[in-house]
Amino acid sequence: MVPTMGALHEGHLSLVRASKADCDITVAWIYVNPSQFAPHEDLSKYPRTLQADIDKLDSCGTDLVFVPTDAEVYRPGHSTWIEVGTIAEPLEGRCRPGHFRGVATVVLKMLNMVQPDLAYFGQKDFQQAAVIRRTIADLDVPVEIRVCPTIRENDGLAMSSRNVYLSPDARQRAVVLWNGLEIARRMVAAGQRDAAIIVRQMTELVVAAGGEIDYIALVDPNTLAAVTEIAFPTLAALAIKIDGIRLIDNAILEP
Ligand code: AMP
């Protein structure tokens, strides 16, 4: 199973291809889940391109596409929600309260409806994959999670359904997320181990590009707890608004 919110791009299709390579039957979900959006977020204007999505899934050989309605997913009287705990608290969890409660709940519902052997997620949403791993381990859900690499545009910008919101000028400046990760990687390769110094460099780069910082963080990829020293592979994660469009990206820094 490949869960998505539609507005599909090569990142999503890479998950379908991974599933096709591993599995007999590939089911894609397209569902813009209202419960993971806060009231001020972009639920109503989230890009919806259903026919083009179905054509793309078809051309990749997807066996089944499930496009449920809100009424099918949240039936009358729905009142059960998953509270994920500490892995959901920092980073996206801090900026988007309630987001992972919605994500974990809808993903568990999808897993129960489809009952796949494997489910595919992208590393681009690193914390989301960590939250789902935690949920299925804690609730004994019989599924294997596979996380696939982030697919990028030629200049390094991570593909995202939200990139269509960017004006041509903002699109050019949005490459600063990738440049920030690259500078962090280069600093670590050159021997820098002080997380605060690396974050400061990344911050300067983002500010110079006119980005508004939600967070720039270096964390333990297993716990998502902040690190002060790069002593083991460390996740660099950032969430930046470019002209009000919120973008996220991440990379592992290898000391
Ligand atoms: P979304 O439709 O944005 O909720 O994403 C659905 C799935 O596609 C999630 O598991 C994402 O992590 C994954 N995904 C989104 N963008 C990319 C990308 N650029 N590369 C790889 N996977 C991605």
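The values are calculated or read from the model by the stated rules, or taken from the named source; none is laboratory data. Everything numeric in this text was worked out from a predicted model, so none of it was measured. With ideal geometry, Cβ positions are generated from the backbone for all residues, glycine too; neighbour counts draw on all protein chains shown. These area figures cover heavy atoms from the full protein model, side chains too; ligands, DNA and RNA do not enter into them. Shrake-Rupley method; radii C 1.70, N 1.55, O 1.52, S 1.80 Å.
Run the paramagnetic zone check for GLU229: 7 angstrom along Cα to Cβ, then residues of region 178-207 with backbone nitrogen under 19 Å.
Hits in region 178-207 for GLU229 at 19 Å: 187-200.
What residues have an amide H closer than 5 Å to that of THR150, excluding those fewer than 5 places away on the same chain, when H is modeled at 1.01 Å from N in the peptide plane?
Close amide H contacts, sequence-distant or interchain: GLN123, LYS124.
Would you rank ASP138, ASP249 by solvent-accessible area, highest first, keeping every protein chain in place and using a 1.4 Å probe? Walk me through the numbers before you get to the answer.
On the way: ASP138 80, ASP249 5 Å².
Per-residue accessible area, sorted high to low, gives ASP138, ASP249.
Roughly how many debye, to the nearest 20, is the charge dipole of region 105-249 about its Cα centre, given +1 on each Lys and Arg Cβ, -1 on each Asp and Glu Cβ, and no other charges?
Details: 15 positive and 17 negative charges, 29 e Å.
Charge dipole, region 105-249, about its Cα centre: 140 debye, nearest 20.
Using modelled amide H (1.01 Å from N, peptide plane; none on Pro or chain starts), what sits under 5 Å from the amide H of ASP214, excluding residues fewer than 5 places away?
Those qualifying (amide H under 5 Å, at least 5 residues apart or on another chain) are ALA239, ILE240, LYS241.
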